[in-house]
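Scroll down for the structure; my scribbles are underneath it.
The values are calculated or read from the model by the stated rules, or taken from the named source; none is laboratory data. As the structure is a prediction and not an experimental result, all values here were calculated from the model. Because the Cβ atoms are built from the backbone with ideal geometry, glycine has one as well, and the counts that use them run over all protein chains shown. Ligands, DNA and RNA are stripped out before the accessible areas are found, and what is left, the full protein with its side chains, is counted by its heavy atoms. Shrake-Rupley method; radii C 1.70, N 1.55, O 1.52, S 1.80 Å.
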Amino acid sequence: MAIPVILDCDPGHDDAFNILLAAAHPTIDLLAITTVAGNQTLEKTTLNARRVCTVAGIEGVPIAAGRDRPLHGPVRVAASIHGESGLDGPGFKDPTVPLDRRDALTLIRDTLLAHPRPVTLVPTGPLTNIAAFLLAYPQLTDRIERIVLMGGSTDRGNTTPAAEFNIHCDPEAADIVLTSGLPVTMLGLNASHQVLATEDVIARFTALGTPLADICTEMLGFFAGRYREVFGLPGAPLHDPLTVAHLVDPDLVTFVRANVAVELTGTHTRGATVVDLHGVTGRAPNADVATVVDAGRFWDLIVGAVWALGAHQA
Ligand code: BDR
Ligand code: CA
């Protein structure tokens, strides 16, 4: 039976590919998409979710907008990586996929209540919506199967030397999720930097020859260009789709069980994930933390998803 999933995201180039993978793969039953401020403002990430669904022909999946700012502190966006639109690169027409009239928390609530089985939440942006949901609806936590998130790192950060973007944007929200007692799987930068969209990888999308694949080529071209410029990397890490790829193929990523604490007060380290890989703190493990990724299998999944969604356009 397919895994029922809600994506909570801030598209974002890599979020966009996660939507494509979740919609395309028969192992996933994509129930809803909710959006959050992160890579760009809420207005832009919500528009981008509708754009991605429109170009990929993803219809009938409700999309609802969530929080436009973190629980605490200022709004931060990642224009230097994702551009002014949050999804720079391709030209998009106006989306035809509608916006659900409910807010994200209401859509998550309704979706959990309507589904006969517990649902997996997959956040790939700041954890604001998810934390707000856990605070607002504590009686519904038994309807959540697990939380599989992209964020944090066992190593260093990408937004400050210590902090990864999603956690840095809303550390209090991340703390609420990681201390919720729910099963949490964390796929962080140390894992996502093993799946770089290099020129060779991008050429595989170009070779598909469908209009959707052309848009994917343009998205990855822009994304890789930014990572080359900002970080000197030979390609862009396709962070977010590691979440759904792990659900689809549980052996694709190796994990260690560990305690993850979020730094809330550090002068230079706010938003860092302090991962106790060797159990030296005595704190109980609260997450499965990704370590090693089979990059070849990952890219086969992503290319396969783009082909499956776009094949009828060929
Ligand atoms: C995370 O931040 C965003 O830029 C990406 O979409 C990803 O979710 C990586 O740090
Ligand atoms: Ca994201």
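Could you work out how far the C-alpha centroid of the range 95-121 sits from that of the range 17-64, in angstrom?
12
Can you give me the % of accessible surface on the chain that is carbon or sulfur? Probe 1.4 Å, all protein chains present, nothing else counted.
Result for the chain: 53 percent of the exposed heavy-atom area is carbon or sulfur.
Can you give the net charge of the other residues whose Cβ lies under 10 Å from the Cβ of GLY12, counting K and R as +1 and D and E as -1?
-3
Given the whole protein assembly as supplied and a 1.4 Å probe, what does the accessible area of SER85 come to in Å², nearest 10?
The accessible area comes out at roughly 30 Å².
Which of the three applies to the chain, rounded, prolate or oblate, going by the alpha-carbon gyration tensor with a ≥ b ≥ c and a/c under 1.5 meaning rounded?
Rounded.
In square angstrom, what is the accessible area per residue of the chain with a 1.4 angstrom probe?
I get 39 Å² per residue for the chain.
Tell me whether the range 35-77 comes out rounded, prolate or oblate; compute the Cα gyration tensor, take square roots of the eigenvalues as a ≥ b ≥ c, and use a/c under 1.5 as the rounded threshold.
Taking the square roots of the gyration eigenvalues as a ≥ b ≥ c, the range 35-77 is prolate.
Distance from the Cα centre of the range 245-291 to that of the range 148-200, in angstrom?
Cα centroid to Cα centroid, the span is 9 Å.
What is the set of long-range amide H partners of ILE144 at a cut-off below 5 Å, with H atoms built 1.01 Å from backbone N?
Counting only residues 5 or more places away or on other chains, the set is VAL119.
Based on the alpha-carbon gyration tensor of the range 1-141 and its eigenvalue square roots a ≥ b ≥ c, which shape applies: rounded if a/c is under 1.5, prolate if not and a/b is larger than b/c, or oblate?
Since a/c reaches 1.5 but b/c is at least a/b, the shape of the range 1-141 is classed as oblate.
Could you tally the net charge around PRO171, taking each other residue with its Cβ under 12 Å from the Cβ of PRO171, Lys/Arg +1 and Asp/Glu -1?
Net charge in that neighbourhood comes out at -3.
Under a no-solvent Debye model with one identical scatterer per Cα of the range 72-183, what's log10 I(q)/I(0) at q = 0.12, 0.13, 0.20, 0.22 Å⁻¹?
Ignoring solvent entirely, the Cα scatterers give -0.54, -0.62, -1.17, -1.25.
As a check on your grasp of the helix formula, calculate [θ] at 222 nm for the chain: sum -39500 (n - 2.57) over DSSP H runs of n ≥ 4, divide by the residue count, round to the nearest 500.
Details: 12 runs with 123 residues, N = 314.
Helix-only estimate at 222 nm: -11500 deg cm²/dmol.
With the contact rule set at Cα under 8 Å and sequence spacing of 6 or more, what percent relative contact order holds for the chain?
20
Tell me the relative contact order for the range 212-314 as a rounded percent, counting alpha carbon contacts under 8 Å between residues six or more apart.
Values: 100 pairs, mean separation 27.8, N = 103.
Relative contact order for the range 212-314 comes out at 27 percent.
ALA203: net charge of surrounding residues, Cβ under 15 Å, Lys/Arg +1, Asp/Glu -1, itself excluded?
Net local charge, ALA203 excluded: -4.
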